[in-house]
Amino acid sequence: MDSDRGENGDSSHNHVSKKPKLSVFISEEEIRQEFSHHQRGIARINNGSFGSCPASIIAAQKEWQLRFLQQPDDFYFNHLRKGLLESRTVVKGLINADSVDEVSLIDNATTAAAIVLQQIGRAFAQGKFQKGDVVVMLHCAFQSVKKSIQAYVTGAGGSVIEVQLPFPVTSNEEIVSEFRKGLEKGKSDGRHVRLAIIDHITSMPCVVVPVEELVKICRQEGVDQVFVDAAHAIGSVPVDVKEIGADFYVSNLHKWFFCPPSVAFLYCRKSPLSSEVHHPVVSHEFGNGLAIESSWIGTRDYSSQLVVPSVLEFVNRFEGGIEGIMMRNHEIVVKMGEMLAKSWGTNLGAPPEMCASMIMVGLPSRLFISSEEDAMRLRSYLRQHHGIEVPLHYQAPSDVEGVPKDKDGLITGYARISHQVYNSFDDYCKFRDAINQLVEQRRSCKMLFTE
């Protein structure tokens, strides 16, 4: 794995100078030092959930925190707004936005969902939309997004159509076909699709969605607004918001871009509707545009938003910069997924080209994963007894003929493995051996005990 990490990385997707100009890149020992605060002995193959922050960025964050504590008034009047603008400018370049005014810094993708869905809910409440008009989304959208729809949209008279994401999936065409069906259903009986919510990378099960193609379909079908929930995207796949073409695009900077938690950017394409989009926490900047509203929502710690320029410097210590990191993470996680699937006699949940820095790997049928509770029990067991942190997914068999099988039966459980720069080959071997041990001992999920 160490040799894999040292490979060259390159890409033509380059909006700003993201490539380092260093003659000597970060060493293996320096990478270990940057993440030496990680708990020892843990196979941490779940970067996708909470991300990871290197020691040098934690130090930069502490400097910002101390500057505020030393002289809060000077910090507020002379440094905060300038620092946030610098961070927004970095993001603007990374995502190829037209203007820094289109970029807001917020806590996370959940906050973005509230921002977008509140303005949809207000449109229903004010009679701009008709009762029964539709929001279309993927059925595997993040739970907080579904709760935001429940809180802001359905109570105001909107209806929701969930598009079933095929899984396991073998091609983009399968997703496109199901999405078209969802839009067609949404437009039935004279209704209008007021918003489409599209994941760039679904969380569980994780699949890279053909987001640019789906946005184009939305435009062709007359969908009012498109919101791309790309919580896992920045630092994991190239992002060009002009090519994607959505009205709203959010991605967490603390998952795959090494920022401390929590910080995300929300891109809002300039339009006549821009003035109707507001931060859910109202402070004295209300009405000055979302980017400015978000820059002050009361006294709080803004340090995670202020370190973005420092993070760009950190990723540029790697050969190929962030693009090199993305390429190597993808290559290695595919290799590790294939290694695990071969050892267990199972399958991958999606082809490599539909994966980024995470991949779904089928678990042996002998574990008898028959519910989400079984998957959670196995996950807890692996954490407590083997020091392995990995999310697991139960996939209910809807069509027995189409469900992947191993030599013993139907595959109904999947592991979502991640790869980030701190991971080693041993992390994945540890996971492989723990599962093989359970199979050899003929222990099913229901036989496992956790503390």
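Do you know which of the residues in the stretch 258-281 that are under 23 Å from Ser303 (Cβ atoms) and out of contact with any helix residue (DSSP H, G or I) (no Cβ under 6 Å at 6 or more places or on another chain) is surrounded by the most Cβ atoms within 10 Å (Cβ to Cβ)? Looking at residues that are under 23 Å from Ser303 (Cβ atoms) and out of contact with any helix residue (DSSP H, G or I) (no Cβ under 6 Å at 6 or more places or on another chain), I get Ser262. Could you grab the pairs with beta carbons closer than 8 Å, sequence gap of 6+ or different chains, first residue in the stretch 133-156 and under 13 Å from Phe179 (Cα atoms) and touching a residue at least 40 places away in the same chain (Cβ under 8 Å), second one of a type in the set (Val, Ile, Thr) and in a helix (DSSP H, G or I)? Close Cβ pairs (under 8 Å, with a partner that is of a type in the set (Val, Ile, Thr) and in a helix (DSSP H, G or I)) amount to Val135/Ile120; Val135/Ile149; Met137/Val145; Met137/Ile149.
Any residue in the stretch 31-53 that's part of a loop (DSSP other than H, G, I, E, B): show its pairings with residues that are open to solvent by 80 Å² or more (accessible area, probe 1.4 Å) and not basic (Lys, Arg) at Cβ separation under 9 Å, as long as the two are six or more apart or on different chains. If the second residue must be open to solvent by 80 Å² or more (accessible area, probe 1.4 Å) and not basic (Lys, Arg), the pairs left are Gly51/Pro261; Cys53/His37; Cys53/Pro261. Counting only residues that are open to solvent by less than 10 Å² (accessible area, probe 1.4 Å) and among the small types (Gly, Ala, Ser), the stretch 296-309 holds 2 of them. Evaluate the following for Pro205: is it touching a residue at least 12 places away in the same chain (Cβ under 8 Å), farther than 19 Å from Ala123 by Cβ and either in contact with a helix residue (DSSP H, G or I) (Cβ under 6 Å, 6 or more places away or on another chain) or open to solvent by 50 Å² or more (accessible area, probe 1.4 Å) (or both)? Against the criterion (touching a residue at least 12 places away in the same chain (Cβ under 8 Å), farther than 19 Å from Ala123 by Cβ and either in contact with a helix residue (DSSP H, G or I) (Cβ under 6 Å, 6 or more places away or on another chain) or open to solvent by 50 Å² or more (accessible area, probe 1.4 Å) (or both)), Pro205 does not qualify. Would the stretch 186-203 turn up any residue that is outside any loop (DSSP other than H, G, I, E, B), β-branched (Val, Ile, Thr), more than 14 Å from Cys218 (Cα to Cα) and in contact with a Phe, Trp or Tyr (Cβ under 8 Å, 6 or more places away or on another chain)? Scanning the stretch 186-203, I find no residue that is outside any loop (DSSP other than H, G, I, E, B), β-branched (Val, Ile, Thr), more than 14 Å from Cys218 (Cα to Cα) and in contact with a Phe, Trp or Tyr (Cβ under 8 Å, 6 or more places away or on another chain), so the answer is no. Please state which one of Asp107, Asp98 is open to solvent by 50 Å² or more (accessible area, probe 1.4 Å) and at negative phi. Within the list Asp107, Asp98, the selection yields Asp98. Sort out which residues of the stretch 88-117 are touching a residue at least 40 places away in the same chain (Cβ under 8 Å), among the hydroxyl-bearing types (Ser, Thr, Tyr) and part of a helix (DSSP H, G or I), and write them in order of number. Result: Thr111, single match. For the stretch 115-127, a residue qualifies if it is surrounded by fewer than 20 Cβ atoms within 10 Å (Cβ to Cβ) and of a type in the set (A, V, I, L, M, F, W, C), and exactly one does: Ala125. The set of residues from the stretch 260-298 being assigned to a loop (DSSP other than H, G, I, E, B), among the hydroxyl-bearing types (Ser, Thr, Tyr) and either in contact with a Lys or Arg (Cβ under 9 Å, 6 or more places away or on another chain) or farther than 14 Å from Ala112 by Cα (or both) comprises Ser271, Ser283.
Here Ala151 passes the criteria (1) open to solvent by less than 20 Å² (accessible area, probe 1.4 Å); (2) among the hydrophobic types (A, V, I, L, M, F, W, C); (3) more than 19 Å from the chain's Cα centre (by Cα) except the one numbered (1). Among the residues of the stretch 311-361, write down those that are out of contact with any Asp or Glu (no Cβ under 9 Å at 6 or more places or on another chain), within 30 Å of Gly93 (Cα to Cα) and not aliphatic (A, V, I, L, M). Across the stretch 311-361, the qualifying residues are Glu313, Asn316, Phe318, Gly321, Asn329, His330, Glu353, Cys355, Ser357.
Any residue in the stretch 176-189 that is in contact with a Ser or Thr (Cβ under 6 Å, 6 or more places away or on another chain) and of a type in the set (A, V, I, L, M, F, W, C)? There is no residue in the stretch 176-189 that is in contact with a Ser or Thr (Cβ under 6 Å, 6 or more places away or on another chain) and of a type in the set (A, V, I, L, M, F, W, C).
Take Arg416 and tell me if it is open to solvent by less than 10 Å² (accessible area, probe 1.4 Å) and either small (Gly, Ala, Ser) or not in a loop (DSSP other than H, G, I, E, B) (or both). Spell out the reasoning first.
Details: open to solvent by less than 10 Å² (accessible area, probe 1.4 Å): yes; either small (Gly, Ala, Ser) or not in a loop (DSSP other than H, G, I, E, B) (or both): yes.
Criteria met by Arg416.
For the stretch 310-346, the tally of residues that are open to solvent by 10 Å² or more (accessible area, probe 1.4 Å), within 19 Å of the chain's Cα centre (by Cα) and under 30 Å from Leu438 (Cα atoms) stands at 3. Here the condition is being touching a Leu at 6+ places or on another chain (Cβ under 8 Å), of a type in the set (Asp, Glu) and at negative phi; of Glu323, Glu338, it holds for Glu338 alone.
The values are calculated or read from the model by the stated rules, or taken from the named source; none is laboratory data. Everything quoted here is computed from the prediction, not taken from an experiment. FYI the Cβ positions are ideal-geometry reconstructions off the backbone, even for glycines, and counts take in every protein chain you see. Surface accessibility is based on the protein's heavy atoms, side chains included, excluding ligands, DNA and RNA. Shrake-Rupley method; radii C 1.70, N 1.55, O 1.52, S 1.80 Å.
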